[in-house]
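Participant: Below you will find the structure I want to go over with you.
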Amino acid sequence: MRKNPVFQRETLGAAVLHVRSGKATSRTTLAKMLGISPSTTGLYVDQLIADGFLNESGLNQGPMGRPRRVLTTQAEAGWFAGVEFNAQRIQAVGVDFSGEVRASVELPLPAEVIADQVIKSILSCVSRLAATMQGPLFSVGLGVPGLVDAHAGVGIHYAFIPDWNQVPVVEKISTQLRVPVTLQNNLRAIAHAERWFGLGHELNDYVILGPRSGFGVAIVQDGRVIEGAHHAAGEVGRWPWPLMDAPGGRSQELHHALSAPATWRRLAGVGAQTSLPEDLRAGLSAVTATEGPEWEAVCTDFARVIGLLQLITDTGVFILHGPLTVLGERFCSAIVEKAVALMPALRSTGMKVVPSTLGDNAGALGAASLAMEAWAPA
């Protein structure tokens, strides 16, 4: 076993990830995934078992060869917190060491919320989770809306919280909780959630569609979540909309036309100043059977955006998140149909749009995934 402590720590963390994912169930398969010798892998496994992070039990008889012992993670070793928020609410989950969700908390935020209130509410959510979880809190993952600098741990800007500018989120949270904190844009966090808990488990290329209070996407290529040179990859909500404004016309951004609230108003046939239903998902459920020109116009607008993204990313599948998932397969199929009609070049791409199965906790699950992926033993 190499004596470089950084290499050892990273390898031990990677070993736990492979076992937790279910892709490494024995010392032999783990050695192949780590790319190191079976003897060295055995030393790492022995250390992780001794430290209480892995179990090795039972005999698993394969189709050929000798029976082998099965590696699993020790669920009670500790836990991870995942927290995600927008301008209306905070959602948090507690995930045990094996990646099972054991507790969840949702906390509404007051109107005109400010940054300090958000930080205090995040801390409150983690405290409430801690009351029900077993073992020590190992780390916290945060899914933060808007532009973020994940490496610096800073929330750069979020349009729906007025003073959310250059907020040192990681510093503020880690100082209070005294555990490592990992930060990422909330849609990119959701991309991690799909990898661990959803449809992306076996995929290397997919795009998260996030028509929520705004509109953005997260892009996964070759298994890697794309951040961009200026932390702004996927900020398509800032596109001018329509793509070609009429001369003298009033310009707006894609956020204003294809967000979940805007889509509800369009399908419900109400004006832009109409108050949203208290439960937006329920409001959208009431218009899922909508027919006619407005339904066609909404699907066409989504088709233009997603069709262009397909030509840019050549992705395997688009995974729809947020309240619009209640529009179901009908909405997703209509988008693909109209995109192909608008852009014949898409016919050979196998373009696919599906609703996520993760529900409202997707962002918090993604944040917990960040914490699990970043963890390594001390």
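The values are calculated or read from the model by the stated rules, or taken from the named source; none is laboratory data. Just so it is clear, the structure is predicted and the values come from calculations on it, not from any experiment. Because the Cβ atoms are built from the backbone with ideal geometry, glycine has one as well, and the counts that use them run over all protein chains shown. Please note that ligands, DNA and RNA were not included when accessible areas were found on the heavy atoms of the full protein model with its side chains. Shrake-Rupley method; radii C 1.70, N 1.55, O 1.52, S 1.80 Å.
Participant: For residues that are part of a helix (DSSP H, G or I) and out of contact with any helix residue (DSSP H, G or I) (no Cβ under 6 Å at 6 or more places or on another chain), scanning just segment 123-160, find the one that is most open to solvent (accessible area, probe 1.4 Å).
Facilitator: So, considering only residues that are part of a helix (DSSP H, G or I) and out of contact with any helix residue (DSSP H, G or I) (no Cβ under 6 Å at 6 or more places or on another chain), the one most open to solvent (accessible area, probe 1.4 Å) is 128.
Participant: Hey, which of the helices (runs of 4 or more DSSP H) in segment 181-285, taking only ones fully inside, have at least 1 residues that are touching a Ser or Thr at 6+ places or on another chain (Cβ under 8 Å), closer than 29 Å to residue 295 by Cβ and open to solvent by 10 Å² or more (accessible area, probe 1.4 Å)?
Facilitator: Hits in segment 181-285: 260-268.
Participant: Next up: For the subset of segment 232-283 comprising residues that are among the aromatic types (Phe, Trp, Tyr) and in contact with an Asp or Glu (Cβ under 7 Å, 6 or more places away or on another chain), which member is modelled with the highest pLDDT?
Facilitator: Looking at the filtered set, the residue picked out is 239.
Participant: Further, regarding this structure: Hey, among 112, 56, which residue is open to solvent by 20 Å² or more (accessible area, probe 1.4 Å), assigned to a strand (DSSP E or B) and modelled with pLDDT under 95?
Facilitator: Exactly one of 112, 56 is open to solvent by 20 Å² or more (accessible area, probe 1.4 Å), assigned to a strand (DSSP E or B) and modelled with pLDDT under 95, namely 56.
Participant: Pick out the one residue from 329, 373 that is acidic (Asp, Glu) and free of Cβ contacts under 8 Å to residues at least 60 places away in the same chain.
Facilitator: 329
Participant: Here's something else I'd like to know. Please work out if residue 326 is among the hydrophobic types (A, V, I, L, M, F, W, C), part of a helix (DSSP H, G or I) and surrounded by fewer than 19 Cβ atoms within 10 Å (Cβ to Cβ).
Facilitator: Yes; evaluated as a whole, the condition is true for this residue.
Participant: Further, regarding this structure: Would you point out which residue out of 234, 307, 328 is in contact with a helix residue (DSSP H, G or I) (Cβ under 8 Å, 6 or more places away or on another chain) and on the phi > 0 side of the Ramachandran plot? Working first, answer last.
Facilitator: On the way: 307 fails: on the phi > 0 side of the Ramachandran plot; 328 fails: in contact with a helix residue (DSSP H, G or I) (Cβ under 8 Å, 6 or more places away or on another chain).
Criteria check complete, one pass: 234.
Participant: Within segment 1-27, which residues are in a helix (DSSP H, G or I) and among the polar types (S, T, N, Q)?
Facilitator: Within segment 1-27, the subset in a helix (DSSP H, G or I) is 5-21, 27.
Of everything in segment 1-27, those that are in a helix (DSSP H, G or I) and among the polar types (S, T, N, Q) turn out to be 8, 11, 21.
Participant: I need the full set of residues from segment 311-326 which are of a type in the set (A, V, I, L, M) and either in contact with a Pro (Cβ under 9 Å, 6 or more places away or on another chain) or in contact (Cβ under 8 Å) with a residue 24 or more places away in the chain (or both), in order please.
Facilitator: Of everything in segment 311-326, those that are of a type in the set (A, V, I, L, M) and either in contact with a Pro (Cβ under 9 Å, 6 or more places away or on another chain) or in contact (Cβ under 8 Å) with a residue 24 or more places away in the chain (or both) turn out to be 311, 317, 319, 320, 324, 326.
Participant: On to the next question. Is it true that some residue in segment 339-358 is modelled with pLDDT under 95, assigned to a helix (DSSP H, G or I) and open to solvent by less than 60 Å² (accessible area, probe 1.4 Å)?
Facilitator: No: zero hits.
Participant: Counting only residues that are open to solvent by 20 Å² or more (accessible area, probe 1.4 Å) and either over 19 Å from residue 187 (Cβ atoms) or polar (S, T, N, Q) (or both), how many does segment 81-104 have?
Facilitator: Count: 7.
Participant: Restricting the search to segment 185-205, which residues are in contact with a strand residue (DSSP E or B) (Cβ under 6 Å, 6 or more places away or on another chain) and of a type in the set (S, T, N, Q)?
Facilitator: Once the filter is applied, which keeps residues that are in contact with a strand residue (DSSP E or B) (Cβ under 6 Å, 6 or more places away or on another chain) and of a type in the set (S, T, N, Q), segment 185-205 yields 185, 186.
Participant: Going through 371, 376, 367, 282 one at a time, which residue ends up being in contact with a Lys or Arg (Cβ under 6 Å, 6 or more places away or on another chain) and under 30 Å from residue 100 (Cα atoms)?
Facilitator: Residue meeting the stated conditions: 376.
Participant: Here's a follow-up. Restricting segment 286-314 to residues that are polar (S, T, N, Q) and under 16 Å from residue 236 (Cα atoms), which is surrounded by the most Cβ atoms within 10 Å (Cβ to Cβ)?
Facilitator: 310
Participant: Taking the options 43, 30, name whichever one is in a helix (DSSP H, G or I) and surrounded by 20 or more Cβ atoms within 10 Å (Cβ to Cβ).
Facilitator: Result: 30 is the single residue among 43, 30 that is in a helix (DSSP H, G or I) and surrounded by 20 or more Cβ atoms within 10 Å (Cβ to Cβ).
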